[in-house]
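The values are calculated or read from the model by the stated rules, or taken from the named source; none is laboratory data. These numbers were taken from a predicted model, which means no experiment stands behind them. Glycine gets a Cβ as well: all are built from the backbone with ideal geometry, and neighbour counts include every protein chain shown.
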């Protein structure tokens, strides 16, 4: 049994130790906001927070997060109320929307350590998240709009470098 | 094409009254009674609009939402005429029914940038008819003349200023006759159309609750992965599933037409099971295919005349007589769509019914295929359209291969099952944008005027063998192969476009902007080469050949002005231009590039001018321009599917890279104000970006890029070589 905590809720899971966190979240816990895109940490659609850091859940074995705090898009806030989600709404960012939960999780993790990122900081932090619809310009706008509004998550004080 | 768009529909507006359900408005067939069973939103076959007693306005959208904004655009068309409260509008997917068919294909499908073009009037009539009925009902109740009332924000405003909410008279309105020809607003009195409203689907797309096909949940749902051969179309000689069956969670291993399916309780078990499956493959007829050899063969073929697609004057004679001829050849590779949501489909097949959950662009195809595979009548097949995690044409596959595969698995196991393609399955699974070769010749006369243009195209037919074959292949020419080349706007007296359609056997299909995705590059590269030979400025040279094409000129001038065309740029930088019409819309892009010390280029900025006629939502238009530029730029810089021994050499985003945020140019979009008929917007930004960038590379380096992608990607690595 592997103990994990997702969105504040504790679980004991009987799953193979090498099962990627992504499939635990999606198939075992039924939280489908976290997406499968590549299975190889190349696209960022599966991004979640582990102790406040953005990780690619498709290549993270569930055993590696035992006892840690996992946050998915569903656990970021009461639905859609996080300042980054609000900024996404104000900039009308999504097109197909499939990559956006991963984009938002990466953006929140960035803003938690770098509350006022430059364009270059954003480009560097977000380069691991592919958007095939090409919403990059609006994502950048939304991150600037949310600047200074993100508090650190538990386990990760704000302002600490990754 | 405009004939098809403007053809009069035989449908008649009908309303239906369902006890306690408000006003329903649809077309033609009588609105049927509510289906049995408890559903939060009742199911109204044929309905486009429902107005509830609570004032909620529900629009049943007959198009698939794949990012292009159609779940906002179609409701806007209805809401404009209805004068309802926009905050009360929501969009839901329509079921499959004849009435929802796209008039261009006769099928319910989303593609060809047709949604707004085909529904611009029809949906406004739905809104206008409902408004008229609501006014009549409210006027009757108040005892006043309908003509003395007006409407605003979901209310009928009576003479004297009192008002009645739509919801309060929705049921009474449903009992009134439907106006056969409702009067539409003049564009000058639009209050919603042309405004940058926020999309209706944004909130669910930022909180993780939007359901894509891959998110489908059903009680007892199993997950299957299908092992297919390394060569497309390969067949199973024999297989040993002993190890796969031993993987915990695997419940079945079954053979289907295209391979072997491992069915399990979840994705991970299915994946582990498939990894240890032992299969002996017969590679079949495609085992010898190599894109390198194909390119050579295509280049040879391009030396001989093809089937004529356009022939003005006498291009061959004019070229022969020309004192100054220019020749160039262009190569473009196979391309994958690489939708971020890998293909998938969920099927619940019962003895007498089949339910399908799919992010599909082709609901009618999906339903009919499932009917023929299961032997069920089509009315027993129910298709639930989910959100699509990208489409770009792939999910409109003419054979709905991802649906077929899932129905085949369901047929074997008779339990609800979701078939998921891994990214690698998706990348190697066929149906690419064709590989193209073009041979172009141009000729000047003694005075330096362009007098001849010959454009010879070699590449596979997309439409052959599809439902579009009859309408899209004319006199041996697949019109989609030559679209954009056949309509070349440059005013040249002797002009020939011809086509070879070899059949190497690779499965191909439409890819965002279809034929324009290669003709845009060829035409706009070659016109730039002619300008260079003529010693003229590329912008002015184009202007000189477009004097009778005001809409081309409009976007050309606008983009050039906004981009600062003609400014002197610092060394190592270049600026290129391209203008192109597709789907009834006109786009000009000016790209700025910087040569980097490592020999690569950075695309710094793209100024994009678009004339798409009357607009529905400029914010969505801007997003589609940005998105089309990113999509086209990804392909231009990196995109290539290559074959060796019939095997696709790419499998994931490491060797099929796409544009990332750190490479995103600054895109400025300028929309031409127009009262012309609406044009398409989802695809039209793609064709000009590759030539705008390669023309800019020429301006910066003096080197012509005639082969795409711009970078030659070594399979399995990030190494890049500039293909110039």
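Matching residues to (1) part of a loop (DSSP other than H, G, I, E, B); (2) more than 30 Å from residue B:654 (Cα to Cα):
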{"position": "B:453", "(1), (2)": "no, yes"}
{"position": "B:463", "(1), (2)": "yes, yes"}
{"position": "B:504", "(1), (2)": "yes, no"}
{"position": "B:517", "(1), (2)": "no, no"}
{"position": "B:530", "(1), (2)": "no, yes"}
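Only residues that are away from chain A (no Cβ under 14 Å), buried (at least 18 other Cβ atoms within 10 Å of the Cβ) and in a helix (DSSP H, G or I) were counted across region B:242-282, and they come to 1.
Conditions tested, residue by residue: (1) within 11 Å of chain B (Cβ to nearest Cβ); (2) in a strand (DSSP E or B).
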{"residue": "A:5", "(1), (2)": "no, yes"}
{"residue": "A:17", "(1), (2)": "no, no"}
{"residue": "A:27", "(1), (2)": "yes, no"}
{"residue": "A:43", "(1), (2)": "yes, no"}
{"residue": "A:49", "(1), (2)": "no, yes"}
{"residue": "A:63", "(1), (2)": "no, no"}
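The set of residues from region B:301-343 being assigned to a loop (DSSP other than H, G, I, E, B), more than 14 Å from every other protein chain (Cβ to nearest Cβ) and over 14 Å from residue B:492 (Cα atoms) comprises B:302, B:303, B:304, B:305, B:306, B:323, B:333.
Taking residue B:701, is it buried (at least 20 other Cβ atoms within 10 Å of the Cβ) and touching a strand residue (DSSP E or B) at 6+ places or on another chain (Cβ under 7 Å)? No, not satisfied.
Within region B:203-220, if we keep just the residues that are crowded, with 22+ Cβ neighbours inside 10 Å and assigned to a helix (DSSP H, G or I), the residue that is farthest from the other protein chains (Cβ to nearest Cβ) turns out to be B:213. If you check residue B:570 against the conditions, is it without any contact (Cβ under 8 Å) to a residue 60 or more places away in the chain, out of contact with any strand residue (DSSP E or B) (no Cβ under 7 Å at 6 or more places or on another chain) and in the same structural domain as residue B:460 (by TED's automatic domain parsing)? Criteria met by residue B:570.
Find the residue count for region B:631-671, including only residues that are assigned to a loop (DSSP other than H, G, I, E, B) and either more than 14 Å from every other protein chain (Cβ to nearest Cβ) or within 30 Å of residue B:554 (Cβ to Cβ) (or both). Of the residues in region B:631-671, 8 are assigned to a loop (DSSP other than H, G, I, E, B) and either more than 14 Å from every other protein chain (Cβ to nearest Cβ) or within 30 Å of residue B:554 (Cβ to Cβ) (or both). Note on region B:72-88: among residues that are in contact (Cβ under 8 Å) with a residue 60 or more places away in the chain and surrounded by fewer than 22 Cβ atoms within 10 Å (Cβ to Cβ), the one that is nearest to the other protein chains (Cβ to nearest Cβ) is B:86.
Test residue B:295 against the stated conditions and say whether it is surrounded by 13 or more Cβ atoms within 10 Å (Cβ to Cβ), in contact (Cβ under 8 Å) with a residue 12 or more places away in the chain and in a helix (DSSP H, G or I). In short, yes.
Quick grid of which residues meet (1) under 30 Å from residue B:206 (Cβ atoms); (2) modelled with pLDDT of 90 or more; (3) in contact with a helix residue (DSSP H, G or I) (Cβ under 9 Å, 6 or more places away or on another chain):
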{"residue": "B:34", "(1), (2), (3)": "no, no, no"}
{"residue": "B:43", "(1), (2), (3)": "yes, no, no"}
{"residue": "B:51", "(1), (2), (3)": "yes, yes, yes"}
{"residue": "B:60", "(1), (2), (3)": "yes, yes, yes"}
{"residue": "B:68", "(1), (2), (3)": "yes, yes, yes"}
{"residue": "B:72", "(1), (2), (3)": "yes, yes, yes"}
{"residue": "B:82", "(1), (2), (3)": "yes, yes, yes"}
{"residue": "B:92", "(1), (2), (3)": "yes, yes, yes"}
{"residue": "B:101", "(1), (2), (3)": "no, no, yes"}
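The residue of region A:97-114 that is farthest from the other protein chains (Cβ to nearest Cβ), among those that are in a loop (DSSP other than H, G, I, E, B) and out of contact with any helix residue (DSSP H, G or I) (no Cβ under 7 Å at 6 or more places or on another chain), is A:99. The condition (being within 20 Å of residue B:58 (Cβ to Cβ) and surrounded by fewer than 19 Cβ atoms within 10 Å (Cβ to Cβ)) is satisfied by just one residue among B:175, B:192: B:175. Scanning region A:138-153 for residues that are closer than 14 Å to residue A:121 by Cα and either touching a strand residue (DSSP E or B) at 6+ places or on another chain (Cβ under 9 Å) or outside any helix (DSSP H, G or I) (or both) yields a single hit, A:147.
Pairing residues of region B:111-134 that are over 25 Å from residue B:391 (Cα atoms) with residues that are modelled with pLDDT under 95 and in a loop (DSSP other than H, G, I, E, B), at Cβ distances under 6 Å and at least 6 apart in sequence or on separate chains, gives B:125/B:182; B:128/B:182; B:129/B:178; B:129/B:179; B:129/B:182; B:132/B:179; B:132/B:182; B:133/B:176. Somewhere in region B:423-438, is a residue within 14 Å of chain A (Cβ to nearest Cβ), part of a strand (DSSP E or B) and touching a residue at least 60 places away in the same chain (Cβ under 8 Å)? Looking through region B:423-438, none of the residues is within 14 Å of chain A (Cβ to nearest Cβ), part of a strand (DSSP E or B) and touching a residue at least 60 places away in the same chain (Cβ under 8 Å).
Within region B:383-394, the residues that satisfy the criterion of being outside any loop (DSSP other than H, G, I, E, B) and over 9 Å from the mean Cα position of the chain (by Cα) are B:383, B:384, B:385, B:387. For residue B:179, indicate whether it is in a loop (DSSP other than H, G, I, E, B), more than 10 Å from chain A (Cβ to nearest Cβ), more than 29 Å from the chain's Cα centre (by Cα) and modelled with pLDDT of 95 or more. It is false that residue B:179 is in a loop (DSSP other than H, G, I, E, B), more than 10 Å from chain A (Cβ to nearest Cβ), more than 29 Å from the chain's Cα centre (by Cα) and modelled with pLDDT of 95 or more. Considering (1) over 30 Å from residue B:189 (Cβ atoms); (2) within 14 Å of chain A (Cβ to nearest Cβ); (3) surrounded by fewer than 24 Cβ atoms within 10 Å (Cβ to Cβ), the lone condition that residue B:606 does not fulfil carries the number (3). For the residues B:541, B:521, the requirement of being within 19 Å of residue B:435 (Cα to Cα), assigned by TED's automatic domain parsing to the domain that holds residue B:634 and in a helix (DSSP H, G or I) singles out B:521.
Would you pick out the residues in region A:82-91 that are at the interface with another protein chain (Cβ under 7 Å from one of its Cβ atoms) and either buried (at least 24 other Cβ atoms within 10 Å of the Cβ) or under 13 Å from the mean Cα position of the chain (by Cα) (or both)? Passing the criteria: A:85, A:88.
A single entry from A:102, A:97 fulfils the requirement of being in contact (Cβ under 8 Å) with a residue 24 or more places away in the chain and closer than 19 Å to residue A:75 by Cβ: A:102.
Checked against the criterion of being over 13 Å from the mean Cα position of the chain (by Cα), more than 11 Å from chain B (Cβ to nearest Cβ) and not in a helix (DSSP H, G or I), the candidates A:117, A:79, A:94 yield just one match: A:117.
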